[in-house]
Ligand code: AMP
Ligand code: GLY
């Protein structure tokens, strides 16, 4: 493949890991990350552009001769960046390749109501549910009464990962339904999905597809969403990840393929949705049969799963992204490293509630045998990094098993410092 110029959109640890991987491609020409973070400048050139500012993104595409845009986060996809860039490319009489679905496909993440209807239409296993609005709140009460605790209430729209409430008491669930409908999550909770609670072990499966039925499955991972050890405390963007989790064995992955991935891709085609990009299946493995159910779809890679998934892919990923973006994905499997990878996220003190920014990050950020992916970091004028977000950096290591890999990541984090630095010391322990 000839070399091509790439623009990656996003600024998190996920984009750092994608940038790290793509920068190693034999086919990489010039590489830009917008806006990137304090670490992504190691892999390409950061551009100070917001991914939802489509005019600015297009200007960067033309100014830098970009051939391929890889959209890392969901916001621009739900807002229609594919359509916007394709329209501009058409006007300009040039081609543009994009990894990431159009707005219709992005509704799999942008509207939980759409996603649940979609799963129902195509027989994809998921929790029983109904959707309610302010007009139908009394029906919502009745549906809650038909379920058993705990109760799962989800804002229909994007709520930065915070729109899911799991509530133990029926009275509190009814009160929360009213608060959500009254605008607890702004417009995102004008519709609320109530669903049956599923109990099991969660894992994340990532599929790259070309809109024509071609697809490739990336290594599966498990993330750790709660802030506290032993899965306690508030939900976060993710405190660490393990790739692969032992629960995603061949038998489970075969069920995921036949019951979830294939019907999802067939459903998208039946709806006339030309989906070229990543589909993130948030799954839960339930019951004595270890059956997979879909908790949620996302239309991008997971964060912090990507930080442990990318290091395990040994194939050159860039040509595979190009095939998917062209609608000509012929790659069917990716070569992977046999070792386990464990990512541990270091966060700002107080996160996911209020926290301070601007803390100097010191210590060994390039340790032997561990990759440190920056997330919420930026560079000071003197070129040294400081914190700029809740999730600050991820230490990722390979090992012969989870214990070995996590020990290496913990050793690396022991040599990195910032005021208020916190991380969970039990990433992967539940899988041992
Ligand atoms: P979501 O944003 O849909 O991924 O939900 C956030 C988290 O809530 C998931 O990772 C699960 O841990 C939990 N969750 C969501 N839906 C359910 C459900 N139906 N049953 C049990 N847990 C759920
Ligand atoms: N790790 C979960 C997410 O990226 O949504």
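May I ask you to sort 117, 374 by Cβ crowding, counting other Cβ atoms within 10 Å and putting the fewest first?
Working: 117 13, 374 28.
Taking fewest neighbouring Cβ atoms as first place, the list is 117, 374.
Between 154, 357, 90, the residue with the greatest mean-square fluctuation in the GNM of the chain (Cα pairs under 10 Å linked by springs) is 90.
Classified by the C-alpha gyration tensor, segment 302-350 has an oblate form. Its axis ratio a/c, with a ≥ b ≥ c, is 1.5 or above, and a/b does not exceed b/c.
Mean-square fluctuations from a GNM of the chain, with a 10 angstrom spring cutoff on Cα atoms, peak among 221, 92, 159 at 92.
Could you give P(r) for segment 324-432, binned at 10 Å from zero, as whole percent values over all Cα-Cα pairs? It works out to 14, 38, 26, 17, 5, in whole percents. Each 5 Å bin from zero up to the one holding the largest Cα-Cα distance in segment 19-76 carries the following percent of pairs: 4, 17, 31, 28, 17, 3, 0. When the Gaussian network model of the chain links Cα atoms closer than 10 Å, the mean-square fluctuations of 370, 333, 387 top out at 333.
Among 1, 28, 345, 180, a tally of other beta-carbon atoms within 10 Å of each Cβ gives an order, fewest to most, of 1, 28, 180, 345.
No solvent, one uniform scatterer per C-alpha: report log10 I(q)/I(0) for segment 317-381 via the Debye equation at q = 0.17, 0.20 1/Å, two decimals. For segment 317-381, the Cα-only Debye profile gives -0.87, -0.94.
Counting every other Cβ atom within 10 Å of each residue's Cβ, 15, 328 order from fewest to most as 328, 15. The alpha carbons of segment 217-273 give a radius of gyration and a Dmax of 15.4, 44 Å, in that order.
Mind pulling up the Rg/Rh value for segment 5-130? Radius of gyration and Kirkwood radius, both on Cα.
1.05
A prolate overall shape is assigned to segment 200-241, the ratio a/c of its alpha-carbon gyration tensor axes (a ≥ b ≥ c) being 1.5 or greater and a/b exceeding b/c. Projected onto their three principal axes, the Cα atoms of segment 54-195 cover extents of 57, 31, 24 Å, largest first. Relative contact order of the chain, taken over Cα pairs closer than 8 Å and 6 or more residues apart, is 17 percent.
Based on the alpha-carbon gyration tensor of segment 242-395 and its eigenvalue square roots a ≥ b ≥ c, which shape applies: rounded if a/c is under 1.5, prolate if not and a/b is larger than b/c, or oblate? In terms of gyration-tensor shape, prolate. Just so you know, the Rg over Rh for the chain is 0.95, from Cα atoms, with Rh as the Kirkwood radius. Distance from the alpha carbon centroid of segment 120-146 to that of segment 319-372 works out to 36 angstrom.
Every read-out reported here was derived from the displayed coordinates using simple, explicitly stated rules and does not represent laboratory data. What you see is a predicted model; the values in this text were computed from it and never measured. Every residue, glycine as well, gets a Cβ built from its backbone with ideal geometry; the counts of neighbours run over all protein chains shown.
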